[in-house]
Structure formats: C-alpha cells, structure tokens
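The values are calculated or read from the model by the stated rules, or taken from the named source; none is laboratory data. This one's a predicted model, so the numbers in the text were calculated from it and none came from an experiment. Here the Cβ positions follow ideal geometry from the backbone for every residue, glycine too, while neighbour counts run over all protein chains shown.
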Amino acid sequence: MPSFLTQHSSGLPAYAGDEHEVSGGASLCSSCGLCCNGVLFDTVHLQSSDSPQELKALGMHVKHKKKYDFFDQPCSSFKAQCCSIYKQRPERCRLFECQQLKRLAAGETTVEKALEMIEEAISKVVNIQRLLHYSGKLNPKKRLSQQYEKVIAEPLNNFSNPHALENRAQLVLAFEELQKFLDAQFRLS
C-alpha cells in the first residue's frame, strides 16, 4: 500500500478495555475508527458532563463557540489508529454506537458481516485518499470532507490536464458513493 494512504493492519485501531459488551462489539470498534478519524463526523459537541479543561489537559483540541464546546474531527486524541484518552473520552464518544454495532446488538448481523462493512468503508476511504493524493490535496490532519471540498472548490479550467479532470470526476463519484454507504451502513438516521 502506498505510504500516503492510511495503514490498516487487518482492521484498524486498537482500544484497550472497550466497553461494548455485545459479543464481538469490541472487535468492531477496534477494527474501524471511522467515528474518530474525520470520516463519519465533522465535529463532536461536548456534553454538560464533559470537562473542557480536563480534556484540554489530556491534549484534546477543544473549542468554544457561542454556548457550546466541541472538537473537530479527526480527533486530536486519535493517534496511531487508537484513542489515546480512551478511559477519559467525552460522553458522546462513550455513548455513540454506529448502525453496525446496533445491528450486531439486535442480532440483525454477525461480527463477520459487520467487519465486511467496515472493510468496504475503509476501502472506499482509501480510494478517496488515493484520488486526493493525485490531486495534491491529501492532508491526513484534515477531515475527509474538508479535503474533498478543497479540491471541488478549485475552478475548472478548460485547458486543464485531462488526467486532472478525470481524477476530479472520479473523486466526486467516489465521495458521493462513500457518503451514501456511510448513511446506509454507519450513520444513525
């Protein structure tokens, strides 16, 4: 795999002591990371039970806007495909369960099928990262949607390199396909 792409050994991140009690639920979370790496969400709002000061002391990049505190994705505590503050993570992070985890808990899917959905999502992300790399806009510190928007915001030039135009067209299709897939398989309605 080219070095510009996010490396995923067989799954993805590892979380020590994952609290998901569903049989196999911990393996889903430790194989995914989409809720932390800027693929599923743009920002996460802190809850009243979260201490912005404590989270900042742990190294999180907490921001304040009007009446709420939040942090942008990718999460600054998501390092080396792992949550570096797992035991002290914010409440929304503790409570979030994607559709795959909910389906597993309800007996509507198996661990194997859920892991296949995760692998498919990761494959789609890697394809977009490849297209972003070719456009010169890959920046792993930015969420995927920001990187995509930067490419799309550039004006089209009729005299542009035909390969660059084709890359952009492929990026648009790949990004739309990923969003539909995430809505259908991961995000909550």
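Here are 121, 106, 184: which of them is of a type in the set (A, V, I, L, M) and over 18 Å from residue 41 (Cα atoms)?
Of the residues listed, the single one that is of a type in the set (A, V, I, L, M) and over 18 Å from residue 41 (Cα atoms) is 106.
Go through (1) buried (at least 19 other Cβ atoms within 10 Å of the Cβ); (2) part of a loop (DSSP other than H, G, I, E, B); (3) modelled with pLDDT of 95 or more and name the single condition residue 32 misses.
The single condition residue 32 does not satisfy is (3).
Taking the condition touching a Leu at 6+ places or on another chain (Cβ under 9 Å), in a loop (DSSP other than H, G, I, E, B) and either modelled with pLDDT of 95 or more or not small (Gly, Ala, Ser) (or both), does residue 115 pass?
Criteria not met by residue 115.
Residues of the range 76-98 being surrounded by 17 or more Cβ atoms within 10 Å (Cβ to Cβ), over 18 Å from residue 48 (Cα atoms), without any contact (Cβ under 8 Å) to a residue 60 or more places away in the chain and of a type outside the set (Val, Ile, Thr), which ones?
Of everything in the range 76-98, those that are surrounded by 17 or more Cβ atoms within 10 Å (Cβ to Cβ), over 18 Å from residue 48 (Cα atoms), without any contact (Cβ under 8 Å) to a residue 60 or more places away in the chain and of a type outside the set (Val, Ile, Thr) turn out to be 76, 77.
Out of all the residues in the range 110-129, which are among the basic types (Lys, Arg) and in contact (Cβ under 8 Å) with a residue 40 or more places away in the chain?
Within the range 110-129, 124 is the sole residue that qualifies.
If I go through the range 132-154 residue by residue, how many of them are touching a helix residue (DSSP H, G or I) at 6+ places or on another chain (Cβ under 9 Å), of a type in the set (D, E, K, R) and under 16 Å from residue 34 (Cβ atoms)?
Total satisfying the criteria: 1.
How many residues, within the range 155-189, are under 24 Å from the mean Cα position of the chain (by Cα) and either more than 16 Å from residue 34 (Cα to Cα) or not aromatic (Phe, Trp, Tyr) (or both)?
Residues flagged as under 24 Å from the mean Cα position of the chain (by Cα) and either more than 16 Å from residue 34 (Cα to Cα) or not aromatic (Phe, Trp, Tyr) (or both) within the range 155-189 amount to 20.
Listed here are the residues, each with its yes/no results for (1) touching a Gly at 6+ places or on another chain (Cβ under 8 Å); (2) modelled with pLDDT under 95; (3) of a type in the set (Lys, Arg).
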site	(1), (2), (3)
91	no, no, no
123	no, no, no
130	no, no, yes
137	no, yes, yes
157	no, yes, no
160	no, yes, no
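Would the range 51-64 turn up any residue that is more than 25 Å from residue 176 (Cβ to Cβ), touching a Lys or Arg at 6+ places or on another chain (Cβ under 8 Å) and either modelled with pLDDT of 95 or more or among the polar types (S, T, N, Q) (or both)?
There is at least one residue in the range 51-64 that is more than 25 Å from residue 176 (Cβ to Cβ), touching a Lys or Arg at 6+ places or on another chain (Cβ under 8 Å) and either modelled with pLDDT of 95 or more or among the polar types (S, T, N, Q) (or both).
Residues in the range 102-109: is at least one of a type in the set (A, V, I, L, M), touching a residue at least 40 places away in the same chain (Cβ under 8 Å), surrounded by 19 or more Cβ atoms within 10 Å (Cβ to Cβ) and in contact with a Gly (Cβ under 7 Å, 6 or more places away or on another chain)?
yes
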